[in-house]
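Read the structure below first, then the notes.
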Amino acid sequence: MCIKKKPKLVINKIYQRLLKVPLYALILVATGLCLLINIFVSFFSPVAENINSSLSIGEQLLLMVFIAPLVETYIFQDIPYKILKNKLHPTIIIVLSGLIFGLAHLSTGTSNFFVVTIVGFIFMALYILVYYRTKGKAVVTVFIVHALLNLIAVVLHLAAHQLAP
């Protein structure tokens, strides 16, 4: 007779294993996954289509690389997690946060809802894993990963416009 494991127990074991992975490895994997997703999508749609070209380069960098990632980390990871951590399973929090992150980026003209949603899942998963280990460094960690991805998007956008005839 075969005894099947309940899905919740399997998910909890996955979380326990992920909590043992070194922090730098989690950051590298999260950043790498987001970059791969963005590279894949860039073949099918314009790069960083929601960047406002009417802003100066300095304003774009300030907005996209500092202000947006910081505010979004608080709105889409920090506040929801602190409110929901004792009420919902982390997997549900990850899904809700990612969906809300994706929906929020629809209003900025992003046509890749699914991609942004997956990136939102990754950001919340990283937040939760870092939160369990360090408490105070979760916001900083997700902010750095988000800022790095936005920096790459801005640089690619600027390079594409410099190279365009």
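The values are calculated or read from the model by the stated rules, or taken from the named source; none is laboratory data. This one's a predicted model, so the numbers in the text were calculated from it and none came from an experiment. As a convention, Cβ positions derive from the backbone with ideal geometry for all residues, glycine included, and neighbour counts pool all protein chains shown. Accessible surface is based on the protein model in full, side chains and every heavy atom, while ligands, DNA and RNA are left aside. Shrake-Rupley method; radii C 1.70, N 1.55, O 1.52, S 1.80 Å.
Here are the numbers for this structure:
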quantity	calculated
Whole-Hz ³J(HN,Hα) from phi, Karplus 6.51 cos²θ - 1.76 cosθ + 1.60, for the range 16-21, glycine and proline x	4, 5, 5, 5, 8, 6
Charge sum, other residues only, whose C-beta stays under 15 Å from VAL65's C-beta, Lys/Arg counted +1 and Asp/Glu -1	-2
Mean Cβ count within 10 Å, highest first, over the residues of peptides 56-66, 129-139	129-139, 56-66
Net charge, MET124 excluded, C-beta distance under 12 Å - Lys, Arg +1, Asp, Glu -1	-1
For HIS157, solvent-accessible area (1.4 Å; no DNA, RNA or ligand), Å²	10
Phi-based couplings in Hz for the range 27-37 (Karplus 6.51, -1.76, 1.60; Gly and Pro marked x)	5, 5, 5, 4, 5, x, 4, 5, 5, 4, 4
